[in-house]
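Asker: Quick one: the structure is below, and I'll ask about it shortly.
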C-alpha cells in the first residue's frame, strides 16, 4: 500500500490519544479534522469540560467535530465532505459503523494498546497488569466491523515492569502508539507497508471495562494477585478496602512471601514496624501508600504517626 501525503482525519478523546495527534502535527501531516466526544460536565461545579484531544486540536488550529453519534446520516455526510484518505482512531469512545469505515479512501486505522488478539476491548492496559503479563504493546490495526477484530499492520512491544501501574504503562504506551503510527505512515509513503495480518480469533482475550466495585480488595486472594490489582487500578478506580467501616484507598502495595497463619485481612504489623502488613489467602501484602476517607494520600509510615489501625481490614 502506498499513501502519499494523505488527508487525515483523527479521532480520539482522552490523554492516551494526545501523543499520536501531536506527533502528526509535529511531522507536518495534513490533518484536515479532529473528531472527539462531546464536552462532558465534570468537577464540583459540573461545568462543561473540553477533552484533552479537543484542547490539543484547538491549540493547533485544527477544526474539531463532536457528533453524539456517527450512525447519523448528517454526521457521515460531514465526514465525507472532508474527503479523508485515512482516518486514525485512538481511544475515541464512539462506535464507527461500517458506513464510516468505508468513507476514507484507505480505510480507518486504530491505535490499540495491547498485543492483539490479547486484550481486545475497553481496558487492555489495566487487564495486562492485573493478569500478570510480562509484556504488552501497541498495534496499528485496519479497522473492521467488530470489537478490535481487524487485521494488524504493525506492532511495538514493551516489557511490563514489576512496579508499573495502570498510569505509568498508559503513558508509555501512548507514546509507543505515536511511534507505531509514525512508522506505519512512513512505510505507507514508501510503498512498503505490509499487508495487514489477520488476528487469530481463537486466541482472543477480552479486556472488560473497569468498575469501582471490582477494585475492592478481597483478602482471601493471594498477595501477588492483590499487588497486581493495586498496581492495575492506579490511578483509577483505585484499589480499596474497609477500615473500621470507612473506605481506605490503597495506592501502592508489595507482596511478601512471609507466611501468615492469621485470617485474611488481619493487620500483622503496624505502628512498631512503621508499616501495615496484611494477611491474605496466601502470603502478606505490605501497604505502601494509602488514603483514608476524608484525608489525603500519604505513605503508611506518615499515617501511622497519627493513627492506630484496627486489628482487621475488610
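The values are calculated or read from the model by the stated rules, or taken from the named source; none is laboratory data. What you are looking at is a predicted structure, and each value in this text was computed from that prediction instead of being measured. In this analysis, Cβ positions are derived from the backbone assuming ideal geometry, glycine residues included, and neighbour counts consider all displayed protein chains.
Asker: Can you work out which of the residues in the stretch 63-89 that are in contact (Cβ under 8 Å) with a residue 24 or more places away in the chain and not in a loop (DSSP other than H, G, I, E, B) is farthest from residue 103 (Cα to Cα)?
Answerer: Keep residues of the stretch 63-89 that are in contact (Cβ under 8 Å) with a residue 24 or more places away in the chain, which gives 63-71, 76, 79, 82-89.
Now restrict to residues that are not in a loop (DSSP other than H, G, I, E, B): 64-65, 76, 79, 86-89.
On the way: 64: 18, 65: 16, 76: 8, 79: 8, 86: 9, 87: 9, 88: 12, 89: 14 Å.
Among those residues, the one meeting the criterion is 64.
Asker: Is it fair to say residue 200 is surrounded by fewer than 12 Cβ atoms within 10 Å (Cβ to Cβ) and closer than 22 Å to residue 160 by Cβ? Give the steps one after another, and end with the answer.
Answerer: Working: surrounded by fewer than 12 Cβ atoms within 10 Å (Cβ to Cβ): yes; closer than 22 Å to residue 160 by Cβ: yes.
Criteria met by residue 200.
Asker: Could you please find all residues in the stretch 264-276 being in contact with a strand residue (DSSP E or B) (Cβ under 7 Å, 6 or more places away or on another chain) and at pLDDT below 95? Please lay out each step first, then the result.
Answerer: We begin by selecting, within the stretch 264-276, every residue in contact with a strand residue (DSSP E or B) (Cβ under 7 Å, 6 or more places away or on another chain); these are 264-270, 275-276.
Across the stretch 264-276, the qualifying residues are 267, 268, 269, 270, 275, 276.
Asker: A further question on this structure: Consider only pairs whose beta carbons are under 8 Å apart and that are at least six residues apart or on different chains; among these, list those whose first residue lies in the stretch 40-58 and is farther than 11 Å from residue 17 by Cβ and whose second residue is assigned to a loop (DSSP other than H, G, I, E, B) and modelled with pLDDT of 85 or more.
Answerer: Final answer for the pair search is 40/51; 48/39; 49/39; 50/39; 58/50.
Asker: Name every residue in the stretch 226-257 that is modelled with pLDDT under 95 and in contact with a helix residue (DSSP H, G or I) (Cβ under 9 Å, 6 or more places away or on another chain), in order of residue number.
Answerer: Within the stretch 226-257, 256, 257 meet the criteria.
Asker: Taking the stretch 94-107 as the region of interest, how many residues are in contact (Cβ under 8 Å) with a residue 40 or more places away in the chain and either in contact with a strand residue (DSSP E or B) (Cβ under 7 Å, 6 or more places away or on another chain) or part of a helix (DSSP H, G or I) (or both)?
Answerer: The total comes to 5.
Asker: If you check residue 91 against the conditions, is it touching a strand residue (DSSP E or B) at 6+ places or on another chain (Cβ under 9 Å), surrounded by fewer than 21 Cβ atoms within 10 Å (Cβ to Cβ) and at positive phi?
Answerer: Numbers: touching a strand residue (DSSP E or B) at 6+ places or on another chain (Cβ under 9 Å): yes; surrounded by fewer than 21 Cβ atoms within 10 Å (Cβ to Cβ): no; at positive phi: yes.
No: the conditions fail for residue 91.
Asker: Still on this structure: Of all residues in the stretch 226-246, how many are under 21 Å from residue 301 (Cβ atoms) and part of a strand (DSSP E or B)?
Answerer: 5
Asker: Quick check: anything in the stretch 164-171 outside any loop (DSSP other than H, G, I, E, B), more than 16 Å from the chain's Cα centre (by Cα) and under 30 Å from residue 254 (Cβ atoms)?
Answerer: no
Asker: Another question, if that's okay. Considering only residues that are in contact (Cβ under 8 Å) with a residue 40 or more places away in the chain, in a helix (DSSP H, G or I) and within 30 Å of residue 243 (Cβ to Cβ), which ones fall in the stretch 203-224?
Answerer: 223, 224
Asker: Looking at residue 23, is it in a loop (DSSP other than H, G, I, E, B) and either free of Cβ contacts under 8 Å to residues at least 12 places away in the same chain or surrounded by fewer than 21 Cβ atoms within 10 Å (Cβ to Cβ) (or both)?
Answerer: It is false that residue 23 is in a loop (DSSP other than H, G, I, E, B) and either free of Cβ contacts under 8 Å to residues at least 12 places away in the same chain or surrounded by fewer than 21 Cβ atoms within 10 Å (Cβ to Cβ) (or both).
Asker: Within the bounds of the stretch 191-202, is there any residue that is at pLDDT 95 or above and in a helix (DSSP H, G or I)?
Answerer: yes
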